[in-house]
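Engineer: Dumping the structure here so I can ask a few things about it.
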Amino acid sequence: MKQEDIEKLVAAIRDLQCKTAKDIEDARVRFLGKKGEITALFDEFRTLDKDGKREFGRVLNDLKQAAIAKIEELKSNTLDIAAASVAQSEDLTMPGDRMELGSRHPVSIVRQEIVDIFRKFGYDVAEGPELEDDYHVFEALNFPPNHPARDMQDTFFVSAGHPNPLLLRTHTSSVQVRTMEKMTPPIRVICPGRVFRNEAISARAHCIFHQVEGLYIDEGVTFADLKQAILLFAREMFGADSQIRMRPSYFPFTEPSAEVDVSCNICKGKGCNICKGTGWLEILGCGMVDPNVLEASGIDSKKYSGFAFGMGIERIAMLKWQVNDLRHYFENDLRFLREFSTAVEV
Ligand code: DAH
């Protein structure tokens, strides 16, 4: 019997770690079982002479007691953990986890509303690229070569010094052109999308915003059809008693052109701070498609006529909810977005 063998066992018992009840039982058998390591030492002890017994008696007894105590300690710890986890998983009185649902962005809500209204009138949705060329954003829409909108100050050019430079579209009217190139009349589409302008960001201007373009081309389409389409839209969007008025305006791609106001749905036309006392709110630009625009995209302007209109989605959202700082629509501040939430608790 060697002192150092006993010390090794003392250390092994001290450092013993068990995760499961089976681990503990295995450890007990290893040290204290019939053929266990400590039991074997006791067998050997019996064969020692008197001096040997005196030398090893105490240490062997201490070793055995330490092993028994360690096994008991491990048992109670492991059982505590097991008991605690059972209790936790079965506590049916614990409150459930709250799940917060995301919500749709106000711009998406309004875009969908506009799309739904025009779908009811028989319009399809058309889309075009945000990275466009000068031809589809300006030239085919009858913008004269030196029109200020073509200036670097208003438009984000991606490639310059090219006869047909690439740029970020400044309006969704470019989708009109792409649609006319692809389809033959009758054409009835609306084109929602993101547009970009080189503006300093403020409460009233942003370098990114959203528009919905509308286009209707067929034989015999008149200004009266345009007026009726806009009136029906305004009544669906702002209420059945809404009125519209048209003011003469100018756009290179329409002739004649108009800007449309809707009667203020806050004060019902009496005059308030939202409509600045006028009783009217501007909602969109429109007009009869210029024959040059039809011809540029291969549509016979002697046979067909049509109207187009374009509106800002943020503008409509501002009128709907009176959120008059454009920056709110792009900052994704959760306190703002939650105002439009229809989230439910589950
Ligand atoms: N593209 C115009 C803009 O961005 C809006 C517009 C006006 C579109 C008149 C039209 C239209 O189709 O007929 O300001």
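Engineer: Can you tally the net charge around VAL110? Count Lys and Arg as +1, Asp and Glu as -1, for every other residue whose Cβ sits under 11 Å from the Cβ of VAL110.
Structural biologist: With Lys, Arg at +1 and Asp, Glu at -1, the neighbours total +1.
Engineer: Let me have the relative contact order for the chain, percent, based on Cα pairs under 8 Å that are six or more residues apart.
Structural biologist: Rounded, it is 16 percent for the chain.
Engineer: Continuing with this model, one more query. What does the extension gain come out to for ALA66 and THR184, with contour length at 0.36 nm per residue minus their alpha carbon separation?
Structural biologist: Length gained between ALA66 and THR184: 33.0 nm.
Engineer: PRO145: net charge of surrounding residues, Cβ under 11 Å, Lys/Arg +1, Asp/Glu -1, itself excluded?
Structural biologist: -1
Engineer: So, by mean Cβ neighbours within 10 angstrom, what's the order for 104-111, 320-327 with the highest one leading?
Structural biologist: Top of the packing list down: 104-111, 320-327.
Engineer: Would you calculate, for the chain, the mean residue ellipticity at 222 nm contributed by helices, counting each DSSP H stretch of 4 or more residues as -39,500 (n - 2.57) and dividing by all residues, to the nearest 500?
Structural biologist: About -12500 deg cm²/dmol.
Engineer: Here's another thing I want to ask about it. State the percent of C-alpha pairs, over all pairs in the chain, separated by a distance greater than 39 angstrom.
Structural biologist: 45 percent
Engineer: Would you please give the FRET efficiency between HIS147 and CYS272, computed as 1/(1 + (r/R0)^6) with r the Cβ-Cβ distance and R0 = 35 Å, to the nearest 0.05?
Structural biologist: Numbers: r = 37 Å, r/R0 = 1.05.
Computed FRET efficiency for HIS147 and CYS272 comes out at 0.45.
Engineer: How far is helix 3-14 tilted off the main Cα axis of the chain, in degrees rounded to 10, range 0 to 90?
Structural biologist: 40 degrees
Engineer: Sort the following peptides by mean Cβ neighbour count (other Cβ atoms within 10 Å, averaged over residues), highest first: 184-191, 266-273, 281-288.
Structural biologist: Details: 184-191: 18.8, 266-273: 13.8, 281-288: 21.4.
Top of the packing list down: 281-288, 184-191, 266-273.
Engineer: Aspartates and glutamates within cross-link reach of LYS276: Cα-Cα under 18 Å, excluding same-chain residues under 8 positions apart?
Structural biologist: List returned: GLU259, ASP261, ASP325.
Engineer: Give me the percent of DSSP beta bridges within the chain that run antiparallel, rounded to the nearest 5.
Structural biologist: Rounded to the nearest five, the antiparallel share is 95 percent.
Engineer: Need the list of aspartates and glutamates near LYS320 for cross-linking: C-alpha distance under 13 angstrom, and skip anything on the same chain fewer than eight residues off.
Structural biologist: Leaving aside aspartates and glutamates fewer than 8 places away in the same chain, those within reach of LYS320 are GLU113, GLU236, GLU282.
Engineer: Relative to the longest principal Cα axis of the chain, at what angle does helix 173-182 sit, 0 to 90 degrees, rounded to 10?
Structural biologist: Between helix and principal axis, roughly 80 degrees.
Engineer: Continuing with this model, one more query. Can you tally the net charge around ASN164? Count Lys and Arg as +1, Asp and Glu as -1, for every other residue whose Cβ sits under 13 Å from the Cβ of ASN164. Let's see the in-between values first.
Structural biologist: Details: positive: ARG150; negative: GLU132, ASP133, ASP134, GLU139.
After counting each charged neighbour, the total is -3.
Engineer: If you count, for each residue, the other Cβ atoms within 10 Å and average over each peptide, how do 159-165, 309-315, 19-25, 207-213 line up from highest to lowest?
Structural biologist: On the way: 159-165: 10.4, 309-315: 21.7, 19-25: 13.0, 207-213: 19.9.
By packing density, highest mean first, the sequence is 309-315, 207-213, 19-25, 159-165.
Engineer: Which aspartates and glutamates does LYS34 reach when only Cα atoms under 12 Å apart count, and residues fewer than 8 places away in its own chain are ignored?
Structural biologist: Once the sequence-local aspartates and glutamates are set aside, what remains near LYS34 is ASP43.
Engineer: For ARG46 paired with SER76, estimate the spin-label separation in nm (one decimal), with each label point 7 Å from Cα along the Cα-to-Cβ line.
Structural biologist: The two pseudo-label positions are separated by 3.3 nm.
Engineer: Lone cysteines in the chain, defined as no other cysteine's Cβ under 4.7 Å from theirs: which are they?
Structural biologist: CYS18, CYS191, CYS207, CYS286
Engineer: Here is a further query. Which whole number in µm²/s is D for segment 221-325 by Stokes-Einstein, with the Kirkwood Rh taken over Cα pairs at 4 °C and 1.567 mPa s?
Structural biologist: Roughly 88 µm²/s, to the nearest whole number.
Engineer: Angle, helix 106-120 long axis vs. longest principal axis of the chain, Cα atoms, 0 to 90°, nearest 10?
Structural biologist: 50 degrees
Engineer: A 19 angstrom limit on the alpha carbon distance is what I want to check against. Which of LYS227/LYS268; LYS227/LYS302; LYS227/LYS270; LYS120/LYS302; LYS19/LYS70 exceed it?
Structural biologist: Listed pairs above 19 Å: LYS227/LYS268; LYS227/LYS302; LYS227/LYS270; LYS120/LYS302.
Laboratory data are not the source of any read-out in this text; all were calculated from the coordinates shown. Being a predicted model, the structure only gives us computed values, none of them experimental. A quick note on method: Cβ atoms are made from the backbone with ideal geometry, for glycine too, and the neighbour counts reach across all protein chains shown.
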